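What follows is a short report on a single structure.
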Amino acid sequence: MTRRLIQLSGVVLLTVGVIVLLSPANEQWLQWYLALNNKLLKLVVDLARVSLIALLLAGLLSPFEALGWWAGWYGDGIEMHIPCKRSLSPHHQHSPVTPSRYVIYLDGISQSCADYPQRVQNFLDTLVAALPADMVFVQDILAYSALNRPLTMQRPFATFWRWVNRIEDGYPQSPLDIFINLRNTFQVAVSTDNRYGPVFNRGTAQVILNSLRQQGYRPGVPITLLGYSGGAQVALGAVTYLKYALGAPIEVISLSGVISGNNGVAELDRLYHLTGDRDLLAQIGAMMFPKRWPCITWSTWNQAKAVGKIRFISLGPVSHNGATGPIDPVAQLPGGDSHLNQTMKILMEILTEQAERPSAIASS
């Protein structure tokens, strides 16, 4: 169903393009453009046309990294030069603890390198400090690269991405992060695609497997994938291959996740989907993907819902990200608790299994 809709959308776009370029409508467009006397307006139109063409090319080229990895264009395979951090409870870091669970974090679409923004790093530090002594926390996985390669290293446009990062470091309010978000959004789209998704998701699963191997993973130990925003979709895409390789219980925690529901759900032990009432992106994601529509009762998503594999958690008046997002330590809820504290309470209730069903969780 999803593939048919994608193909139909492509046909519609192609038809519109043919009408605009090859019909009398093209002559009308050119006459209007040539008649423009306002140089500023003409410049804006030119920039818009160039941007649309660049956006189209970026979308068409987005699967190439994953396909190139699969074809062996990049050498032996997954990059291993980025260290993965093993984090236990700070009071037991030097104790011989047998891990009871591995928690793996996959970041949102703003990720360009192994360094996280301050708000995200504060969230991760808080989570690490709260985890029980026998849980291993793995981070620094580059969720939007089948090669586990940063945008700023060994890429044709690495110089451009380094320039964007420098601007962002000096001016956090700079709009240039939209380039990183768009690039990674296309990778999320690749993960959902029935044609290229299996290759991309297989690469991501291999990155996660390598990280687990570095942490001394023992077969059978449960795994929790914690995905933020687009990272939740990447986590779900990797589940099928992780389940096949490890045969261990796997849960996914989707924090403000934008997920398609067309892969990985059937193999999951459980999915916790945490969203805020003001999270427009997560709401749009639920409408974009037909397999998540309630009327498609035969989809794997709705079948998983019916048997209780998917549990929805409302974060209240919380948005998708930023100063009003779920991991902000300053923004407060009507009850006085901070957004970060609420998210931490729910995460710890899930991870530590304090109850059969966390109190904040509803089954619909």
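The values are calculated or read from the model by the stated rules, or taken from the named source; none is laboratory data. Since the model is a prediction, treat every value here as computed from it, not as a measurement. Here Cβ is always computed from backbone atoms with ideal geometry, including for glycine, and neighbour counts include all displayed protein chains.
For residues in segment 125-139 being in contact with a Ser or Thr (Cβ under 7 Å, 6 or more places away or on another chain) and without any contact (Cβ under 8 Å) to a residue 60 or more places away in the chain, which is farthest from VAL103 (Cα to Cα)? Per the criteria, the residue is ALA133. The set of residues in segment 298-317 being part of a loop (DSSP other than H, G, I, E, B) and not hydroxyl-bearing (Ser, Thr, Tyr) consists of TRP298, VAL307, GLY308, LYS309, LEU315, GLY316, PRO317. Exactly one residue out of GLY276, GLY285 is within 25 Å of PRO117 (Cα to Cα), at pLDDT 90 or above and among the small types (Gly, Ala, Ser), and it is GLY276.
Would you confirm whether any residue within segment 205-215 is buried (at least 20 other Cβ atoms within 10 Å of the Cβ), at pLDDT below 95, out of contact with any strand residue (DSSP E or B) (no Cβ under 7 Å at 6 or more places or on another chain) and not in a helix (DSSP H, G or I)? No, that holds for no residue.
Restricting segment 229-259 to residues that are of a type in the set (Ser, Thr, Tyr) and under 12 Å from GLY108 (Cα atoms) leaves a set whose member that is surrounded by the fewest Cβ atoms within 10 Å (Cβ to Cβ) is SER254. Among the residues of segment 264-284, those identified as more than 25 Å from SER338 (Cβ to Cβ) and either surrounded by fewer than 24 Cβ atoms within 10 Å (Cβ to Cβ) or out of contact with any helix residue (DSSP H, G or I) (no Cβ under 8 Å at 6 or more places or on another chain) (or both) are ALA266, GLU267, LEU268, ASP269, ARG270, ILE284.
Of all residues in segment 310-345, which are out of contact with any strand residue (DSSP E or B) (no Cβ under 6 Å at 6 or more places or on another chain), among the hydroxyl-bearing types (Ser, Thr, Tyr) and farther than 13 Å from LEU255 by Cα? If the condition is that a residue be out of contact with any strand residue (DSSP E or B) (no Cβ under 6 Å at 6 or more places or on another chain), among the hydroxyl-bearing types (Ser, Thr, Tyr) and farther than 13 Å from LEU255 by Cα, then THR324 is the only one that fits. Listed conditions (1) out of contact with any helix residue (DSSP H, G or I) (no Cβ under 9 Å at 6 or more places or on another chain); (2) in a helix (DSSP H, G or I) are all met by VAL199, apart from (1). Among the residues of segment 150-169, those identified as of a type in the set (A, V, I, L, M) and not in a helix (DSSP H, G or I) are LEU151, MET153. Screening LEU255, LEU271 for residues that are under 14 Å from the mean Cα position of the chain (by Cα), modelled with pLDDT of 90 or more and under 20 Å from PHE137 (Cβ atoms) leaves exactly one candidate, LEU255.
Does VAL265 fit the bill of being among the hydrophobic types (A, V, I, L, M, F, W, C), over 19 Å from VAL190 (Cα atoms) and not in a helix (DSSP H, G or I)? Here the answer is no, as VAL265 does not meet what is asked.
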